[in-house]
1. Cβ neighbours within 10 Å, averaged per peptide: list 251-262, 303-314 in order, most packed at the top.
2. Quote the charge dipole size of the chain about the Cα centre in Debye, to the nearest 20; the model charges only the Cβ of Lys and Arg (+1) and of Asp and Glu (-1).
3. Which residue, chosen from PRO216, LEU259, ILE325, occupies the Cα position most advanced towards the positive end of the dipole of the range 215-364, where the dipole is computed from +1 (Lys, Arg) and -1 (Asp, Glu) charges on Cβ about the Cα centre?
4. Report the accessible area of TRP50, computed with a 1.4 Å probe over the heavy atoms of all protein chains in place, in Å² rounded to the nearest 10.
5. Could you sort the peptides 172-183, 229-240 by per-residue average Cβ neighbour count (10 Å cutoff), highest mean leading?
6. On a 0 to 90° scale, report how tilted helix 133-144 is relative to the longest principal axis of the chain, with both axes built from alpha carbons and the result rounded to the nearest 10.
7. Which residue, chosen from GLY226, HIS304, TRP65, occupies the Cα position most advanced towards the positive end of the dipole of the chain, where the dipole is computed from +1 (Lys, Arg) and -1 (Asp, Glu) charges on Cβ about the Cα centre?
8. Sorted by average packing, counted as other Cβ atoms within 10 angstrom per residue and highest first, what order do 328-340, 31-43 take?
Amino acid sequence: MPTTSSAAEPASPDAALADVPYSHKGLSYPLGRRGPEPGELIEIAPGIGWARLPVPGSLKHINVWAIEDGDGVALVDTGLDIAPSREAWEALFAGPLTGRIVTRIIVTHFHPDHIGLAGWLTDRFGAALWMTREEWLFARMLTSDIRDAPPPEAIAWWRAAGWSEERIEAEQAKGWGRFASVVSPVPVSFVRMRDGDALEIGGRTWRVVVGSGHCPEHACLVDEAGGVMIAGDQVLPRITSNVSLSLSEPMADPLGDWLASIEKLRTLPADLLVLPSHGEPFTGLHARLDTLRDGHLGRLDALHAHLAEPRRAVDCFPILFGRAIDDSILGLATGEAMAHLRRLEVEGRARRELRDGVAWFGIA
Ligand SMILES: [Zn+2]
């Protein structure tokens, strides 16, 4: 799901003019600030419909796509399994998608705002779920692991990051396995998408381009001939995708994976119309990738300087985020801070020392 806004970007002065195309920070938004209303499907490119589903919190919405596919439509991403999302789909099926069959459900990655209603939709239409294997496995794993209390490894993880005992107790009280509370049962079978695969959907050929760092095996769909890219959370226009180190793989290097994915995506044509999961469609892929890369590299350097005194993950928030971190986003912020600290460690610029279960990072 989640994305954090690590640097609040001011809206363009033109932003108030809803439908007017405008450019900002090297990106051009052909429909301006306009987005689909509930139950509305906007044809953003020939044969590609754009709808929005509600997401609570600062994200507000997720964009989903309905691609003409023979007699019906292929859907890309599905929304959280919450009543307002189901109602938004019902409005689409009673409105612009009336009478259409759904041919397949493609999910870019395992986060709940993307996969949440996949099972509900596959059941309803008897359509297959298409995903990369790691993403499907992650969703299956997380929806199968529900416990009354977090495992001891999770408590040690939070303590190592510098969380207070009070905060850890509050987290323990929430149990374990909240992912499943906003995700309908994930189908037991799926059709695998692999990096480089070509999918024929309607009159278009979509190449699967896998990115990593925000999640293990994120699928983007790129139609180079048609000049369109469905980017999921791999490239977002205004907010930076959350890149977190997580308990499941504490020695991973997600920020290294993310930076490598930016270089990979930079080999795509610069003039693609990018369809992101949050925010508005834009052109300016390379400019956005450069901004994302430079932002992370700048924060890594600032963080490195900050380690002149030993720091815990929680001591790094002011360097990484342009806003206060409250309890509701503490987990995300901790994962993001750990991803940056881990990257410095992998680069040989930081080392950690464990004291009384707390990880202190200093300059190597
Ligand atoms: Zn996501």
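1. 251-262, 303-314
2. 320 debye
3. Of the listed residues, the answer is ILE325.
4. Per-residue accessible area (TRP50): approximately 0 Å².
5. Working: 172-183: 15.3, 229-240: 24.0.
Descending packing order for the listed peptides: 229-240, 172-183.
6. Result, in degrees: 70.
7. Ranked along the dipole, the leading option is HIS304.
8. Highest mean packing first, the order is 328-340, 31-43.
The values are calculated or read from the model by the stated rules, or taken from the named source; none is laboratory data. It should be emphasised that the depicted structure is a prediction, and the values quoted were computed from it without experimental measurement. Don't worry about glycine lacking a Cβ; one is built from the backbone with ideal geometry, like all the others, and counts go over all protein chains shown. Only protein heavy atoms, including side chains, enter the accessible area calculation; ligands, DNA and RNA are left aside. Shrake-Rupley method; radii C 1.70, N 1.55, O 1.52, S 1.80 Å.
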